[in-house]
Amino acid sequence: MNHILYGMPGSLYTGKVRSYLRKQRIPFEERVAGDPRFVNEIVQVVGRWIAPVLQTPQGQTLQDGAMIIDYLETLPQAGPRAAPHDPVLRVVAHIFEMFGGEGMLRPAMHFRWNFDEANMAFIQKDFLSALAPGKQGAEADMAFAFASGRMRKATLNFGVTPQTAPTIERTYQDFLELFDKHLQTTPYLLGSSPGYGDYGLIAPLFAHLARDPYPAQMMKRVAPRVSRWVERMNAPDADAGEYMDHAPEWIDLAQPCESLDALLRFVAEDYLPEVEAMVRFTNDWLAERPDLAAGTNGMPRPGDRHIGMMKFEWRGIAMEVMVMPYRILMLQRIQDSAALLNAQQGAALRALLTRTGLQQLLELRCHRRVERKNHLEVWGPPHNNERIST
Ligand SMILES: N[C@@H](CCC(=O)N[C@@H](CS)C(=O)NCC(=O)O)C(=O)O
C-alpha cells in the first residue's frame, strides 16, 4: 500500500507535503477532503477537520505539514533531504519554513478572497470538486457558502482589512521581485535542491498565489522565475535545466549573497514585529494561567487553534490578528536548530541575522514550549529555574 495524502488542490498546507512527496519520489495516492473516508474516518482520528493528513502504509495517521515532512525525512528516500547539510543553512531554511507557512498568509488570503471578479468562478468549482464531489445545486451552494464564509472570516483574522490591503499588495510585489532576483543564480532557495525553506514557501506560493487566477497572472508578470520555481517544486526531478551547471550545490554563507540577505531583511521587516508581539501576548496569556496542565492547550474547545487576538504595529499600520500556538512551534524549530550549532557556526549565524535585522528570532521565547499531542498543539511543562520576563 502507498502513503495516502488527504487534502485538496486549493489547500495551502497540502501543497507543502505534496511537493515534498513528489520531490522524494515517494509513491502516494491523493484523496480529497470531501472523500467519505476523510469525513467519516480521518476527522474522527485527528479530532478536527484539518488538512493535510497523511496515512502511512503501516496505518499511522499524521497531521500537520511540518510533522509529516519530519516523519518522511526518517525514511530512506530517492530525493534530497529537506535539511541542508550545513547546520547554519538549516536554521535559515527553518526561518523561511516559518515565514512561508505563517508570515505569508496575508497575501495568500488577500489575493484569493478579495478579487472575486477574477477568482470566484474558479475557486467555487475548485473547492466544490474537492469538498463536495458530485454535489450540485442548492447542496453545492450551501457547501461553498460555508467553506468560503469560514475562509473570509479567517482572512480578516489574519489581518487583511481595507486598511492593510494596499500595503499587503505592495509588499507582496516587493517579495516577488526579491525572490525572483534571488532565483537568478539558484534554482531553489538555498541551492540545487529543495529544503525546508522551499517547502514552507511553496505553501502560500502554490495553491493561492500561483493557482488562483488573479495572483497567478501577477506572479507570471512580476516574477517569472518564481513562477518557474513553483513548477519546479511540483516536479519529481530537479527541473532546473536553465541553470545548466552554474548553480551551487548549496549557497556558501562564507561568501556574500546579497539576494539572500535582501530576502532575510524582508522577513525581518514584514514578520519579526508580529513574532515579537505574539511571544509577548503568549507570555501574558500563560502568566494568567499558572495552573495550565502540561499536555493540554487550555482551550474551551481543544480543536480551536488561536488563543486570542492581539494588536501590533505592522509597517506603521495598526494590525489585529489571531495568536496561534502553532507559530510558536515553528519558532522553536528555528531556535532548536540554532542550539545545535558549535561556536563558529553560531557566530556565522549571528553575523547573518544581525546584518539582516533578524537576530531577535533567536531570543524571543515563550515561557512554556509548545508540543504536539493527539494531533493538537499543547503546552509543555513550565520551564524550571527560568527567569520569567515579558
Ligand atoms: N499547521 C497546519 C495547518 C493546517 C491548516 O490550517 N489547513 C487548512 C487547509 S490549508 C485547514 O484545514 N483549514 C480548515 C479550518 O481551519 O477550518 C498544517 O501544516 O497542517
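Here, each number is a calculation from the coordinates, and none is a lab measurement. None of these values were measured; they are calculated from a predicted model. Positions of Cβ are backbone-derived with ideal geometry, glycine not excepted, and every protein chain shown enters the neighbour counts.
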Problem - Dipole in debye (nearest 20) - the chain, about Cα centre, beta carbon charges: Lys, Arg +1; Asp, Glu -1 - result: 540 debye
Practice task
Given the peptides 92-99, 338-345, 64-71, arrange them by the average over their residues of other C-beta atoms within 10 Å, most packed first.
Solution key: 92-99, 64-71, 338-345
Exercise for the section: Over all alpha-carbon pairs in region 184-338, figure out the percentage whose distance exceeds 18 Å. Expected result: 70 percent
Completion exercise
Residue-normalised 222 nm signal for the chain, counting each DSSP H run of n ≥ 4 as -39,500 (n - 2.57), nearest 500 deg cm²/dmol, is -15500 deg cm²/dmol
Practice task
Could you point to the residue in Ala343, Ala293, Trp379 farthest towards the positive end of region 270-382's charge dipole, with +1 and -1 charges on the Cβ of Lys/Arg and Asp/Glu respectively?
Solution key: Ala343
Problem - region 1-125: Cα Rg divided by the 2.2 N^0.38 Å rule of thumb - result: 1.16
Practice task
Using only alpha carbon pairs under 8 Å that are at least six residues apart, calculate the relative contact order of region 1-102 and give it in whole percent.
Solution key: 30 percent
Fill in the blank from the handout: Shape descriptor, region 87-243: equivalent ellipsoid semi-axes (Cα gyration tensor, sqrt 5λ, whole Å, largest first) stand at 29, 18, 15
Handout entry: For region 3-73, diffusion coefficient by Stokes-Einstein and Kirkwood Rh (Cα), 37 °C, 0.692 mPa s, µm²/s
Key = 277 µm²/s
Fill in the blank from the handout: Semi-axes a, b, c in Å (a largest) for the chain, each sqrt of 5 times a Cα gyration tensor eigenvalue, come to 29, 27, 23
Exercise for the section: Give me the Kirkwood hydrodynamic radius of region 270-382, using the inverse of the mean 1/r over all pairs of distinct Cα atoms, in Å to one decimal. Expected result: 15.3 Å
Completion exercise
So, relative contact order of region 87-243 in percent, Cα under 8 Å, 6 or more apart, is 38 percent
Practice task
Enumerate the whole-percent occupancy of each 5 Å bin, from 0 to the last occupied one, for all C-alpha pair distances of region 289-346.
Solution key: 4, 13, 14, 18, 16, 14, 11, 8, 1, 0
